[in-house]
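The structure appears below as structure tokens.
The values are calculated or read from the model by the stated rules, or taken from the named source; none is laboratory data. The shown structure was predicted, so the numbers you read here are calculated from the model rather than taken from an experiment. Cβ: placed from backbone, ideal geometry, glycine included. Neighbour counts: every protein chain shown. SASA here: full protein model, heavy atoms, side chains in, ligands and nucleic acids out. Shrake-Rupley method; radii C 1.70, N 1.55, O 1.52, S 1.80 Å.
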2 protein chains.
Amino acid sequence: MTEEIRFDENGLVPAVVQDYKSGRVLMVAYMNAEALQRTRETGQTWFFSRRRNCLWMKGETSGHRQKVKQMMYDCDRDALLILVEQTGAACHTGHYSCFYQDLEGNEVENKLVDPALMYATG
Amino acid sequence: MTEEIRFDENGLVPAVVQDYKSGRVLMVAYMNAEALQRTRETGQTWFFSRRRNCLWMKGETSGHRQKVKQMMYDCDRDALLILVEQTGAACHTGHYSCFYQDLEGNEVENKLVDPALMYATG
């Protein structure tokens, strides 16, 4: 239950997003209580942007949405794991996963789409 | 590279640990620069405990260690993904993964081992 989630001092909890089919970890983002509520109500992932200080729906501009399949919390109730059906690329760079570089800076995954096309208008 | 990782205002970065074989997300924990350095040097996962305010090696008392297979950072360089070979259970509760409950509080995974045995001495 939402009220059992232990949000941090900024009212946020980290959410790990994983593709339910491939098992690939796609991204880590943060939810506040409202983002979590919207995610549960809509079945699409919503997050809180710490940089922009606002709620955002994943794929709102790119169309690369995440349909929620299952949501779990961990033993400490201070982290979420969200299994999703990912449309297109999860990363704004056009990569399927945001984790596309190893610690040596090598790309371990090619781009799925051209990022210029992800956010093209009209 | 370590110097490129964007640690937060507390000098920490969240690390998602995933079983490299099963693809199961096992836990989320935090690393400071020293924990990351020890992880890279030893090939075993080290974390920083926010509650106990100290470094700890995963499996130090339980023996349920994590051998590092691959480490990645994300597009923002403020989260890590660590693929590991997990010995035994990752969770202190005896569950294979710390994410063993869905948001309704249902256990989605049975215990792998008796936690009393994980931390037994002698």
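Here are the numbers:
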| item | result |
| --- | --- |
| Cα-centred dipole magnitude for region A:61-122, charges only on beta-carbon of K, R (+1) and D, E (-1), debye, nearest 20 | 420 |
| Complex-versus-alone comparison for region A:58-98, residues with a loss of 20 Å² or more in accessible area, probe 1.4 Å | A:GLN70, A:MET71, A:MET72, A:TYR73, A:ASP74, A:CYS75, A:ASP78, A:ALA79, A:LEU81, A:HIS92, A:CYS98 |
| Protein accessible area in the protein assembly as shown, 1.4 Å probe - carbon and sulfur % | 45 |
| At R0 = 22 Å, FRET efficiency that the Cβ-Cβ distance of B:PHE7 and A:GLU9 yields, to 0.05 | 0.85 |
| Per residue convex hull volume, Cα atoms of region A:18-81, in Å³ | 99 |
| Extension gain (nm, one decimal) between B:GLN44 and B:GLU85, 0.36 nm per residue minus Cα-Cα | 13.8 nm |
| Environment charge at B:TYR73 (Cβ cut-off 10 Å; Lys +1, Arg +1, Asp -1, Glu -1) | -3 |
| Region A:41-122, accessible area per residue, ligands and nucleic acids excluded (1.4 Å, Å²) | 50 |
| Radius of gyration and maximum dimension Dmax of chain A, Cα, Å | 14.5, 46 |
| List A:LYS21, B:LYS58, A:LYS67, ordered by accessible area with a 1.4 Å probe, largest first | A:LYS21, A:LYS67, B:LYS58 |
| Ascending list, in nanometres, of distances separating the B:GLN70 label from those of the other copies (7 Å, Cα toward Cβ) | 2.3 |
| R0 of 30 Å, Cβ-Cβ distance A:LYS69-B:ARG77: FRET efficiency to nearest 0.05 | 0.60 |
| With Cα atoms, 0 to 90° folded angle of helix B:33-42 axis to chain B main axis | 70 |
| Chain B, helix-only ellipticity at 222 nm - DSSP H runs n ≥ 4, -39,500 (n - 2.57), divided by all residues, nearest 500 | -3000 deg cm²/dmol |
| Leading residue at positive end of dipole, chain B (Cβ point charges), from B:MET118, B:LEU80, B:TYR100 | B:MET118 |
| Closest approach to the A/B rotation axis among chain A Cβ atoms, residue and whole-Å value | A:GLY23, 2 |
| Net charge of Cβ neighbours under 11 Å - reference A:GLY105; Lys, Arg +1; Asp, Glu -1 | -3 |
| Interchain or long-range residues, amide H under 5 Å from A:ALA89's placed H | none |
| Among the listed pairs A:LYS67/B:LYS58; A:LYS111/B:LYS58; A:LYS111/B:LYS69; A:LYS58/B:LYS111; A:LYS67/A:LYS111; B:LYS67/B:LYS111, those beyond 31 Å (Cα-Cα) | A:LYS67/B:LYS58; A:LYS111/B:LYS58; A:LYS58/B:LYS111 |
| Global size of the protein assembly as shown as Cα Rg and Dmax, reported in angstrom | 17.5, 69 |
| Sparsely packed GluC sites (Glu not before Pro) within region B:1-103, loop by DSSP, other Cβ within 10 Å at most 16 | B:GLU9, B:GLU60 |
| Solvent-accessible area lost in complex, 40 Å² minimum, residues of region B:23-40 relative to chain alone, 1.4 Å | B:VAL25, B:VAL28, B:ARG40 |
| Mean separation of Cα contacts under 8 Å, 6 or more apart, over the residue count of chain A: relative contact order % | 22 |
| Other-copy label distances relative to B:GLU104, 7 angstrom Cα-Cβ extension, nm | 4.7 |
| For region B:1-54: rounded, prolate or oblate by the Cα gyration tensor [a/c cutoff 1.5] | prolate |
| Gyration tensor (alpha-carbon) shape descriptor, region B:44-92, a/c threshold 1.5 | oblate |
| Size of the A/B contact, given as accessible area buried on both chains, probe 1.4 Å, in Å² | 3000 |
